[in-house]
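The values are calculated or read from the model by the stated rules, or taken from the named source; none is laboratory data. Please read all numbers here as calculations on a predicted model, not as lab measurements. Here the Cβ positions follow ideal geometry from the backbone for every residue, glycine too, while neighbour counts run over all protein chains shown. Remember, those area values only see protein heavy atoms, side chains included, never the ligands or the DNA or RNA. Shrake-Rupley method; radii C 1.70, N 1.55, O 1.52, S 1.80 Å.
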Amino acid sequence: MKDMQSHAPSVSACPACAAGGAACDQAARAPQADARLVLSVPGAHCAACLSAIERGLEATPGIRSARVNLTLKRVSVQADAGVDARDVAARLERLGYEAHELDAGTLNMTETDRQGRDLLMRLGVAGFAMMNIMLLSVAVWSGATDATRDLFHLISAVIAIPTVAFSGRPFFVSAARALRAGRLNMDGPIALALVLTLALSLYEALQSGPHAYFEAVVMLTFFLLAGRYLDFRARAAARSAAQELAALEVPRAIRLADGREETVPVAELRVGDLVLVRPGARVPVDGVVTAGRSETDRSLLTGETRPLVQAKGAALNAGEVNLTGPLTVRVTAAGRDSSLHRMADLVAMAETAKNRYTTLADRAARAYAPTIPLLSLGAFIVWMWISGGDLRLSVNIAVATLIITCPCALGLAVPAVVTAASGRLFRQGLLIKNGTALERLAEVDTVVFDKTGTLTMGTPIPDNLDDHPAEDLAVALALAEASSHPLSQALNRALRARGVTPAPVTDLREAPGYGVQGDWAGLPVKLGRAGWVGATHAATTGAYLSLGDETRSFTFTDALRPGAEAVVAALRDQGKTVWLLSGDVAPAVEAMARRLGIEHWQAGALPAEKAAKIAALQAEGHKVLMVGDGLNDTVALAAADVSVSPASALDAARAASDIVLLGRDIAPVAGAVAMSRVAVRRIRENFWQSGLYNLVFVPIALFGYATPLWAAAIMSVSSISVSLNALRLGRRGQETTRA
Amino acid sequence: MDVLGILIPVSLGLGLMGLLAFWWTLKKGMYDDPEGDSRRILRDDYDDKPKS
């Protein structure tokens with residue numbers, strides 16, 4: 001347990017992880033009675049991963065069984081009470097898999113599961129009914145006549161009517177809802193076609209008529225349900241992604257009540273409660289410091305990188321990270337009222353503008369929905385006039401037109417492509433949260449990156465260790481180990497990695513807000529702020545070591561996120577304009593821009609300025625993709641046409657973005673832009689294809705030559721060709737994104 | 001044509017059996033992790049059903 005904790009990535013990738021990890025750290029001290037744990041494992045992708053994770057976890061004491069779900073990239077673990085998700089995550093991290101704890105409570109998948117199974121059941125019933133009716137219909141088409149044909153038609157009716165009543169329910173319900181609201185959606189004509197065709201076919205069957213469209217009705221239900229199910233799956237994935245992200249940061253706080261510490265969910269905190277914020281933890285609420293002295297990092301809120309000193313009476317905002325000493329905070333605003341939530345509300349407002357985006361499917365449906373019944377009505381009137389009032393003939397032709405124009409392929413055109421594309425992107429580590437994101441991504445011509453936490457990992461790395469003698473490094477390590485300040489942690493990791501062993505420093509104590517001091521063979525040693533250790537302040541981010549009178553400085557740089565160079569190069573190859581907008585100081589931003597080959601950059605940008613820059617680019621007619629992670633990016637993320645944030649971002653930033661990058665590597669973003677263009681091209685092709693079928697066959701129906709055989713053939717051929725075109729995306733997309 | 005009296009119920013029965021089999025697979029959660037199941041089948045250690 002102790003061993004696991006020291007290996008745990010508590011201050012790993014970025015400030016957000018650091019705080020999230022520390023939040024989990026607190027949770028680890030509160031054993032949960034429920035021992036079913038769910039973790040997100042974005043790195044799992046193959047059979048070897050399955051075995052490695054399951055065997056590795058099952059060999060861990062306390063874990064009874066582990067099962068990986070590769071589709072959702074999750075592992076569910078059955079463990080003894082007392083085993084915490086934090087330990088399992090640490091274990092997975094040691095097995096070589098990035099893991100995030102998921103809150104099983106937030107992750108309530110049962111409702112979505114139930115809906116999905118319900119749709120699948122309706123699809124199954126329609127499928128099997130279709131097969132049986134087709135069996136009988138083939139007999140009719142190949143020449144059964146008289147009593148045999150009538151018998152077959154009647155048996156078909158007995159199967160078809162309950163099937164359509166059961167399987168067609170989603171369409172009837174949706175059409176009725178739209179009509180009651182005074183609108184006409186795509187389901188209106190569909191429901192009309194189903195009911196009218198069924199009624200006519202039953203009448204014809206009873207009258208010993210030659211044509212009955214039972215197989216066409218059931219087939220239409222089947223194909224449309226298939227499209228509906230794919231669409232549902234894509235949306236369920238988006239919804240579960242949102243839940244998964246909400247669950248990533250398990251919100252708990254330590255409340256002080258009657259001198260006792262208790263771990264409670266943040267939602268239970270009330271104004272006036274006393275909360276203990278340990279070093280490394282995120283401040284869960286807005287409040288005022290009542291005891292303790294420390295520094296806090298507000299970079300995720302404001303973009304300021306310099307830690308702020310906090311003492312009794314100082315006001316803290318939710319979202320700040322406590323760095324050095326424990327703080328006791330009296331809650332002044334919790335939950336919905338806290339500054340973090342107010343920011344989220346602002347973002348929600350900015351997002352409504354984005355939701356007004358009209359998708360290709362919407363535009364097609366708007367054009368198509370009224371056309372179908374009108375065309376059919378027109379056919380009816382014209383044939384009534386031509387035939388001199390032959391009601392039966394006119395109704396037959398009108399219904400044939402209705403069933404042939406029904407947008408079988410149209411219903412599959414978008415969901416099939418979106419499913420294929422988002423599945424491919426998910427395997428590359430990108431989660432599409434918003435259904436229209438793919439179409440918006442395809443229009444992008446300008447990409448704006450944030451620097452800290454997006455193109456960099458947000459983790460400082462010491463860059464001048466070689467300048468110092470080994471003895472000093474050993475002392476620095478001993479001191480750094482005693483502190484949870486990010487710079488100390490970074491120094492600790494870097495020195496450990498070099499194989500340095502800590503010097504025997506005794507009497508270690510941390511001076512919150514200043515640094516760590518101790519005694520090394522009689523010599524007082526300090527590691528901390530420049531003024532405190534007596535060193536002169538250097539220009540860059542640094543930590544200072546003093547050995548008696550001698551001082552040493554350690555400078556830090558930010559590690560580049562894997563794939564950062566590749567993503568910028570690939571986007572430039574695609575002809576996109578790349579911008580770097582950062583809240584950091586100009587020299588650092590310029591150095592980064594030059595290193596990655598980005599021409600346009602702007603430093604010292606405040607949150608509002610970032611959003612304004614994006615608005616300015618949009619005003620010039622550009623479509624902007626924003627990639628960012630901090631709370632200072634959220635307004636910009638919401639304002640951009642489409643946005644991406646890494647999974648390590650603060651949850652407000654993830655909530656504001658359309659696509660979430662699950663892995664650490666940022667390179668898939670360029671692939672996603674290329675993929676989205678291919679996907680949108682496929683959607684357009686599908687529309688043209690199904691339009692073409694209608695263009696050819698509607699005249700045939702209008703002139704009265706359509707037979708049930710024609711209707712069935714057109715429906716299957718157009719649906720299959722549309723699906724095949726969508727599947728082509730998988731392979732083409734792979735080439736494009738790997739190229 | 002008398003044979004139809006047997007064949008039609010038989011074909012309907014077969015269809016119904018297929019539907020029941022589908023319903024059973026749905027109930028047993030066999031569509032929950034298609035990606036994982038396709039890999040699992042290639043593994044050496046035999047696990048015949050989900051553990052949880």
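Some notes on this structure:
- Shielding by partners, peptide A:45-52 (average Cβ within 10 angstrom, other chains): 3
- Close amide-amide hydrogen proximity is noted between A:Q310 and A:S294, A:E295, A:T296, each under 5 Å apart and 5 or more residues distant or on a separate chain (H modeled in the peptide plane; Pro and chain starts excluded).
- Available extension along the chain between A:D80 and A:E443 is 125.6 nm, counting 0.36 nm per residue and deducting the alpha carbon span.
- Site pair A:R427 and A:A586 shows an inter-label distance of 4.8 nm when each label is modelled 7 Å from Cα along Cα→Cβ.
- Cβ-placed point charges (K, R +1; D, E -1), dipole of the stretch A:459-559 about Cα centre in debye, nearest 20: 240 debye
- Considering only alpha-carbon pairs that sit under 8 angstrom and 6 or more positions apart, the relative contact order computed for the stretch A:459-559 is 28 percent.
- Residue-averaged beta-carbon neighbours from other chains (10 angstrom radius) around A:66-73: 5
- Rg [Å, one decimal], Dmax [Å, integer] - the stretch A:429-506, C-alpha atoms: 20.5, 62
- If you plug the beta carbon distance of A:Y705 and B:L20 into 1/(1 + (r/R0)^6) with R0 = 51 Å, you get a FRET efficiency near 0.80.
- For a modelled paramagnetic label at A:S716, 7 Å from Cα along Cα-to-Cβ, the residues of the stretch A:111-147 in reach, with backbone nitrogen under 12 Å, are A:130-139.
- Spacing of the two label points (7 Å from each Cα toward its C-beta) at A:R235 and A:R94, in nm: 4.5 nm
- Computed extension length for A:V195-A:T551: 119.5 nm, one decimal, from 0.36 nm per residue of separation with the Cα-Cα distance subtracted.
- Of A:K433/A:K623; A:K433/B:K27; A:K73/B:K28; A:K73/A:K433; A:K451/A:K526, pairs whose Cα-Cα distance is over 24 Å: A:K433/B:K27; A:K451/A:K526
- Between A:A291 and A:L523, the simple spin-label model (points 7 angstrom out along Cα→Cβ) gives 3.8 nm.
- Between A:R114 and A:A511, the contour length at 0.36 nm per residue exceeds the Cα-Cα span by 137.4 nm.
- Residue ranking by accessible heavy-atom surface, 1.4 Å probe, largest first, among A:Y229, A:Y544 comes out as A:Y229, A:Y544.
- For the stretch A:459-559, the pair-distance distribution built from all alpha carbon pairs, in bins 10 Å wide starting at 0, is 18, 57, 25, 1 percent.
- Rounded to the nearest 0.05, the FRET efficiency derived from the C-beta distance between A:W532 and A:E262 at R0 = 60 Å is 0.95.
- Heavy-atom SASA rank of A:E101, A:E481 (probe 1.4 Å, accessible area, largest first): A:E481, A:E101
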